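*Asks:* My structure is below; once you've seen it, I'll send some questions.
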Amino acid sequence: MYEDNKVRGSIKYLNRYKQLFSFEGMERHRKITPTDIDGLIDYNGNSFVYIEGKYYTKTIEFGQKRALENLVNSHNKAGNLSCAIIFVHNSPIDEIIMVKDQLIFQVYYNGKWSGKWQEKEYITVLGFIEKWEKMCLRKKIKI
């Protein structure tokens, strides 16, 4: 299913997906280093959802969290609805993580982090994305 690249969103190069990037030696002003973001949905430049996944025993580092906040805030200042979501998983290291099925742990929206987003219970990444898209359409944002 993954090797033939026929399923959109699937891993394109299964033999390379375990290859790591190192930002060693790239320390910049104020001792910052590059950070990675696990996923991004860009709705025609009108709305953005940043996605980050963490193993359930790990927390997001200060710099990465600040980078997500700055990205979201900058989009919102430009008039583009934006958020960042963090999901958690407990998948074994040799398994592919199906992001759509993972539970949302935190959401950054409207300038604050919360453990839940317009919900009484936690929802999956896909459930959140579907609600986000409905909200965009209600607000007449072209997605």
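Values in this text are rule-based calculations from the coordinates and carry no lab data. Computed from a predicted structure; not experimentally measured. Ideal geometry is used to build each Cβ from the backbone, glycine not excepted, and the neighbour counts take in all protein chains shown.
*Asks:* Around Lys139, under 13 Å between beta carbons, what's the net of Lys plus Arg minus Asp minus Glu among the other residues? Mind dumping the intermediate values first?
*Replies:* Values: positive: Lys131, Lys134, Arg138, Lys140, Lys142; negative: Glu133.
Once positives and negatives cancel, what remains is +4.
*Asks:* Using the 10 angstrom Cβ neighbour count as an exposure proxy, how do Met98, Met135 rank, fewest first? Provide the component values of the computation, followed by the final result.
*Replies:* Details: Met98 12, Met135 16.
Result, fewest neighbours first: Met98, Met135.
*Asks:* May I ask you to derive the FRET efficiency for Tyr17 and Glu133 from their Cβ-Cβ distance with R0 = 22 Å, giving the value to the nearest 0.05? Could you put the intermediate results ahead of the total?
*Replies:* Working: r = 27 Å, r/R0 = 1.22.
It comes out at approximately 0.25.
*Asks:* Please report how far the C-alpha centroid of the range 14-44 lies from that of the range 64-82, rounded to the nearest whole angstrom.
*Replies:* 17 Å
*Asks:* List the residues, sorted by chain then number, that are 5 or more residues from Phe105 or on another chain and whose placed amide H is less than 5 Å from its amide H.
*Replies:* Ile86, Phe87, Val88
*Asks:* State, as an integer percentage, the relative contact order of the chain based on alpha-carbon contacts under 8 Å between residues 6 or more apart. Numbers along the way, then the final one.
*Replies:* Working: 184 pairs, mean separation 24.6, N = 143.
For the chain, the relative contact order is 17 percent.
*Asks:* Here's a follow-up. Could you check which residue among Asn110, Asn73, Asn15 shows the biggest mean-square fluctuation in a GNM of the chain with a 10 Å Cα cutoff?
*Replies:* Its mean-square fluctuation being the largest, the pick is Asn15.
*Asks:* For the chain, take the convex hull of the Cα atoms, compute a quarter of its surface area, and give me that in nm², please. Provide the component values of the computation, followed by the final result.
*Replies:* Details: hull surface 41.8 nm².
It is 10.4 nm².
*Asks:* Return the long-range amide H neighbours of Ile141 (sequence gap of 5 or more, or a different chain), with a cut-off of under 5 Å between placed amide H atoms.
*Replies:* none
*Asks:* Roughly what would the spin-label model give for Arg66 and Thr33, points 7 Å off Cα along C-beta, in nm?
*Replies:* In this crude label model, Arg66 to Thr33 measures out at 1.5 nm.
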